[in-house]
Amino acid sequence: MADICRNIESPVIKLLDDCLLDIFQRLDSRIDRDSFGLTCRRWLLIQNTSRRSVQLYSSLFAQNKSSTLSQGSFNVNISAFHVYKLLTRFQQLTSLSLSGCTELPDSGLSQLQFFGSNLQSLNLDCCFEISDTGFSLVASGCSNLKSVSFYRCNITDIGLTAIAKSCLSLQAVNLSYCMNISDCGIRSLSQECRQLRCIIMSHCRLVTGCGFNGCSETLIHVEADSCKLEPDGISGLVSGGGLEYLNLSDLSWCIHGDGLARIGQGSAVNLRVLNLRMCRNATNEAIMMISKGCPVLQEWSLAFCHDISITGWVAIGWNCNNLEILHVNRCRNFCDRGLQSLRDGCKRLSKLHMNHCARVTNLAIESFKCRRGNVDISREEVSIFPRLNLSDGDG
């Protein structure tokens, strides 16, 4: 590539744009790809139009980089001007990440009205200055979005509704810590975006879940930990019938009694992964309903679920025939009889996370191992299930 750059009379210079584009796309070396546009303006244009993914390095991003990197090279506050230059230069982007651009104003998104039609993935995590005005700009220019991440943004139901009505192809949405989102915005999203597959709304404490009533069967992944869910809202979450992954951890402060039993009332027959960690008020009745109503359940976290007694553990052993991984860390009422119920049932169990279960004796553990030597008993606490990464941008 360097030789071509030095020899301006090379026949390669005279190739048609389609040929040059094919050459550029076949370059394996990043150095060659970066130097391609140095040859002439025509080659620079081809390089620019070939760029599909951009991630800006903001000052917040720099704080998370390895200490071996030069912080000075990343410590830049991204302004509206930077985004304007970027979007006018790379007009065919399909993935854009502005994550951590904490001071970026609404005007920084104005060019998306003109150059956002190809975008399929947009990450605005921690863009604290973006308001509903900015999200409306996204809605007007990025109708083909499939994945968006608004973690800790100040988006409200107004902005979310605008996006839902314009971006009908949305499949994955991250609204974690979006404190101004309520059931109204969720309802717009679930009703307008009928291809929605994944929504993460952790710590959205205005959300009760009722906005999901009548959601599409395409919805397979929901993370609603630390939301203010109500029993009817849980019914709404599973109402589409296609749900495979559900995270409802840490609901003790709002869900009481048998509210969690709604999971097992017939609409969650495809559920494979269920996280009820720290749902301390989960009752035996709820556990029985779930164990019967979720026949293909493969992984279940009941860590810190202190109200489950022998009745609940017997129900799990008897009904959860496809269960492979179970978390019972720090369950105060998990005892020898509970372990025996799992030993005699749960025929596909391969991993049991059992840390700080004071009522389980070593004798019961050894008896379990003798009968079920293929089951790995872990005495260490682990985080359940990695979260989905909705950002496709790689810079």
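For segment 111-125, the set of residues classified as surrounded by 17 or more Cβ atoms within 10 Å (Cβ to Cβ) and either in contact with a helix residue (DSSP H, G or I) (Cβ under 6 Å, 6 or more places away or on another chain) or among the basic types (Lys, Arg) (or both) consists of 111, 112, 115, 116, listed by residue number.
Look at segment 199-212: where a residue is over 15 Å from residue 174 (Cα atoms) and part of a loop (DSSP other than H, G, I, E, B) and a partner is at pLDDT below 95 and open to solvent by 10 Å² or more (accessible area, probe 1.4 Å), sitting 6+ places away or on another chain with Cβ atoms under 7 Å, you get 208/228; 208/230; 209/230.
Within segment 255-290, count every residue that is in a helix (DSSP H, G or I) and in contact with a strand residue (DSSP E or B) (Cβ under 9 Å, 6 or more places away or on another chain). Summing the residues that are in a helix (DSSP H, G or I) and in contact with a strand residue (DSSP E or B) (Cβ under 9 Å, 6 or more places away or on another chain) in segment 255-290 gives 2.
Please indicate, with yes or no, whether at least one residue in segment 268-279 is open to solvent by less than 10 Å² (accessible area, probe 1.4 Å), within 20 Å of residue 354 (Cβ to Cβ) and out of contact with any Leu (no Cβ under 7 Å at 6 or more places or on another chain). No, segment 268-279 contains no residue that is open to solvent by less than 10 Å² (accessible area, probe 1.4 Å), within 20 Å of residue 354 (Cβ to Cβ) and out of contact with any Leu (no Cβ under 7 Å at 6 or more places or on another chain).
Of note, residue 188 does not satisfy the criterion of being modelled with pLDDT of 95 or more, part of a loop (DSSP other than H, G, I, E, B) and small (Gly, Ala, Ser). Residue under question is residue 108, and the condition is that it be under 22 Å from residue 133 (Cβ atoms), in contact with a Leu (Cβ under 7 Å, 6 or more places away or on another chain) and modelled with pLDDT of 90 or more; does it hold? Against the criterion (under 22 Å from residue 133 (Cβ atoms), in contact with a Leu (Cβ under 7 Å, 6 or more places away or on another chain) and modelled with pLDDT of 90 or more), residue 108 does not qualify. Determine which member of the set 204, 184 is of a type outside the set (Ser, Thr, Tyr) and touching an Asp or Glu at 6+ places or on another chain (Cβ under 6 Å). Of 204, 184, the one residue that is of a type outside the set (Ser, Thr, Tyr) and touching an Asp or Glu at 6+ places or on another chain (Cβ under 6 Å) is 184. Please count how many residues of segment 165-183 are surrounded by 18 or more Cβ atoms within 10 Å (Cβ to Cβ) and among the charged types (D, E, K, R). Looking only at that region, the number is 1. Counting only strands (runs of 3 or more DSSP E) wholly contained in segment 304-386, no element carries 3 or more residues that are open to solvent by less than 10 Å² (accessible area, probe 1.4 Å).
The values are calculated or read from the model by the stated rules, or taken from the named source; none is laboratory data. Quantities reported herein were computed from a predicted structural model and do not represent experimental measurements. Quick reminder, even Gly has a Cβ in these numbers, built from the backbone with ideal geometry, and neighbours come from all protein chains shown. For the accessible areas, the whole protein counts, side chains as well, though only heavy atoms, and no ligand, DNA or RNA atoms are used. Shrake-Rupley method; radii C 1.70, N 1.55, O 1.52, S 1.80 Å.
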